[in-house]
Structures are given as structure tokens and as C-alpha cells.
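The values are calculated or read from the model by the stated rules, or taken from the named source; none is laboratory data. Computed from a prediction, not measured in an experiment: that's the story for all the values here. Here the Cβ positions follow ideal geometry from the backbone for every residue, glycine too, while neighbour counts run over all protein chains shown.
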Amino acid sequence: MATRTIAGKEIQINNEGFMTIPSEWDQEIAVELAKEEGLTELSAQHWKIIDYCRQSAAMSGAAPTLRNITNGAGVSTKDLFALFPKGPAKKVAKISGLGKPEGCV
Amino acid sequence: MADENRKVAFICSKGNLDMAYPALVMGWAALGNGIDVTIFFTFWGLDMINKERVDRLEVAPVANTSMKMTMMGVNTGNLGIPNVMGILPGMTAFATKLMKDKMDKLEVPPVREYLQMLMDAGAKLYACKMSVDMFGLKQEDFIDGVLDIVTAGDFMDMTEGSQIIFI
């Protein structure tokens, strides 16, 4: 467990860089985290997915799996992988300020 | 640093329902983590991409020493399903239904849908030429999205640098 400063705020992170306290997250932090993941700009489609992940995690306590995201946020698998290239699983969760998804699907 | 992407290739050689899932689950996890995925279907594994077979994959209790009575909801510990029971008509269908129900409860998609997810996420699917010839199949017999029918040599060429998993 460690702390880091991002977008002018101090946040708690684990050794893989995932935020550990979801309530510390805000949109400015998401924008900065996205840049670190290689996404220079977050479109409305990105936000739709991030918002869904936040809501889903608030209900279930865990980051949604990719299939939860495609079913729940109404995005196709193709679009999800295009919006978050090179592996959306960890990327989406990290940018959304959540832990690694815990399911396999 | 040369940023060569990690690559994984699966060889699917089985057509049983339980043996269809390992490549699907691991392949999906790989894609989610940004790893390139190639899947080569050979022998009975061709059932997984055969339009007529993909929705009808089964699991048989006969000679399956891991399938216990407890799977049927009978709490009998290590007691197996007697092979002589497994040969009764309908037992394979019954065991298959049990497994499909369990997977459904875990929200695991059926094989056809899983393959579509993998292809949408960028997995490349190929059928083995020798097996295709042996079973008298054609490209039209396969689900949409299977890229080509290739030889074992082609597979070796296209998986240079990949980690290969045989199932």
C-alpha cells in the first residue's frame, strides 16, 4: 500500500497501481490515470463505460468483468476493445479507480 | 525497448463440452490483458467451430472419474457415477444439462457466444487442414469469422514467438 499525488490530490494505491479507496476517485484523477494508460482523451463513450463501472462497483463492491461491462453498459465487445486498446480488463478498472476485476468472464 | 506484444496460441483438439472451455476462458483473459490470441482447431476440436455441432457439445459421465454423484446434487462425497449407469440412454444429455446449468448460473456464456466475444476482441481462429480433410468438412461448415483452413506448418509460421497451449 502506498500513496501518490495525482491531479493535485493524494490517493491510496496498491502495488499494481490500482486505487484502493474508490471514494477518493474523481473525474480529474480518471483523466490523469487514463493518460498513464495511453489514452490521451476520454470520449463520451469512454465515460459511459467508466460511469457504468463505478455504479456497478458501488453495488457489488468489486470491479465488473468485461462481459458485465458489455452487457451492462450496452457497448459491444469490439467497441470496448477499440476504446481501451491493448487489454481493457485492467485498464478500465484502473481508470475507474477500482481494483482488478475478480471474475473470469 | 522493443515493445513486442506477448502472444498466446491455443490448440483445441477436444470436442467435449468441458474441454471446450479452457481455451475460451484463458483466451478471453489473455485478450483482456492485451495479449494476442490465436486458436487452432484440430481433430475433435473442430466441433467447437462446426455450425452444426457447436451448440450440441456434450460431456459424458462414462469413464469420467472426476464426475461424482455430488454433481447431481446427491450429497454422497466421493461416490462416483457408476459407469453402468452412465451408459443408460439420456445420461450424457443429463450430465450435459447439469453442466450447462451450472455454467449458466455463473454467467459463463455458451461456446458459440464465447467464440464470438473472442473474435470481436481480436482473436484469430483457424481450422486444421488435415482434420478438415479427414472429416470431409469445408469452410462453409464453420461459424462465421473462422479465418482460414491452414496446415500445421502454417500454424507454426503464424505462431512464431507465441506461447503454445495444447488442449
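When we screen B:A127, B:A95, B:A123 for residues that are of a type in the set (G, A, S) and without any contact (Cβ under 8 Å) to a residue 40 or more places away in the chain, the only hit is B:A95.
The one condition from (1) in a helix (DSSP H, G or I); (2) more than 23 Å from the chain's Cα centre (by Cα); (3) loosely packed, with under 11 Cβ neighbours inside 10 Å that B:G77 does not meet is (1). Restricting attention to segment A:51-66 and to residues that are in a helix (DSSP H, G or I), out of contact with any helix residue (DSSP H, G or I) (no Cβ under 7 Å at 6 or more places or on another chain) and not aliphatic (A, V, I, L, M), the residue that is nearest to the other protein chains (Cβ to nearest Cβ) turns out to be A:S60.
So which residues in segment B:98-119 are assigned to a helix (DSSP H, G or I), surrounded by fewer than 18 Cβ atoms within 10 Å (Cβ to Cβ) and at the interface with another protein chain (Cβ under 9 Å from one of its Cβ atoms)? Hit for segment B:98-119 is B:Q116, nothing else. Quick one: is B:D36 modelled with pLDDT of 95 or more, surrounded by 22 or more Cβ atoms within 10 Å (Cβ to Cβ), out of contact with any His (no Cβ under 6 Å at 6 or more places or on another chain) and not β-branched (V, I, T)? Here the answer is no, as B:D36 does not meet what is asked. In this structure, does A:G17 turn out to be more than 24 Å from B:E107 (Cα to Cα), touching a Phe, Trp or Tyr at 6+ places or on another chain (Cβ under 6 Å) and assigned to a loop (DSSP other than H, G, I, E, B)? So A:G17 does not fit the description; no. Scan segment A:74-99 for residues that are within 10 Å of chain B (Cβ to nearest Cβ) and part of a loop (DSSP other than H, G, I, E, B) and the total you get is 5. Among the residues making up segment A:25-49, those that are surrounded by 12 or more Cβ atoms within 10 Å (Cβ to Cβ) and either of a type in the set (V, I, T) or at pLDDT below 90 (or both) are A:I29, A:V31, A:I49. Restricting segment B:21-74 to residues that are outside any helix (DSSP H, G or I) and within 14 Å of chain A (Cβ to nearest Cβ) leaves a set whose member that is nearest to B:A93 (Cα to Cα) is B:V37.
Based on what the data block shows, is A:N71 within 14 Å of chain B (Cβ to nearest Cβ) and either exposed (fewer than 15 other Cβ atoms within 10 Å of the Cβ) or assigned to a loop (DSSP other than H, G, I, E, B) (or both)? So A:N71 fits the description; yes.
If the condition is being of a type in the set (D, E), more than 21 Å from B:A30 (Cα to Cα) and assigned to a helix (DSSP H, G or I), then segment B:123-167 contributes B:D133, B:E140, B:D141, B:D154.
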